[in-house]
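Notes to accompany the following structure.
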Ligand code: DX5
Ligand code: ZN
């Protein structure tokens, strides 16, 4: 897992011009697109759901990387598959049978990821490391873009990387929240290989091409 992948979060994009924003991200060489789904219950914010994702699907060939911040993921996996998601990450704190949701995601041919809030211990994720394709370490409290990076989460990244080296060496480690030119270097050093960037990507003063360069250099 040496190649660094940028997964731009459309939460920071211009919602009135989403198609252009999404095309621009792919043209800037970001091969993933991060889709932050919030239900107003698991987190105190509401974003968008499968119908918006389905409309974006023809706009980009990017790998659609969904991050479900919703209380009942098991009820929506099929909808997100039909909308065109390639991957689904869900929260260990959500109200579901974790192994069943992993199996459900795989049954639709998608890859599966688990994530946790900053206050949740990684012991909740360790038993699943050999059953999933990605762990997402939140470096802000989920719910909103534009927050500051939490350095103290880097211990989680390095510990997950150590465990994964033993049981699942190809596991992707994604980080999400406050990732920019400076913090991208810190998370990569800790062992992350997929970087979510909302503000630093879609609101970069010099544009997305420059953002992509900064995050991968
Ligand atoms: C927060 C979301 C993030 C967020 C990142 O709940 O999961 O993906 O949009 O935004 P920035 O990069 O602005 O911190
Ligand atoms: Zn996210």
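Note on residue 72 and residue 121: their simple-model spin labels are 3.0 nm apart, each label 7 Å out from Cα toward Cβ. FRET efficiency for residue 95 and residue 16, Cβ-Cβ distance as r, R0 = 41 Å, nearest 0.05? With a Förster radius of 41 Å, E is 0.75.
Among 183-191, 96-104, 123-131, sorting by the average number of other beta carbon atoms lying within 10 angstrom of each residue, highest first, gives 183-191, 96-104, 123-131.
For 6, 22, 52, which order do you get if you count the other beta carbons within 10 Å of each Cβ and list the fewest first?
With the fewest neighbours first, 6, 22, 52 line up as 52, 22, 6.
From the alpha carbon centroid of the range 115-186 to that of the range 191-217 is 18 Å. Overall shape: rounded for the range 1-160, with the ratio a/c of the largest to smallest alpha carbon gyration tensor axis below 1.5. Ranked for footprinting exposure by Cβ neighbours inside 10 Å, fewest first, 9, 47 give 47, 9. The value of relative contact order for the chain, using C-alpha pairs under 8 Å at least six residues apart, is 22 percent. Cβ crowding within 10 Å ranks 159, 199, 139 as 159, 199, 139, fewest other Cβ atoms first.
Throughout, read-outs are computed from the coordinates displayed, never taken from laboratory work. Remember, it's a predicted structure, so these values are computed and weren't measured experimentally. Cβ coordinates were reconstructed from backbone atoms using ideal geometry, including for glycine residues, and neighbour counts include every protein chain displayed.
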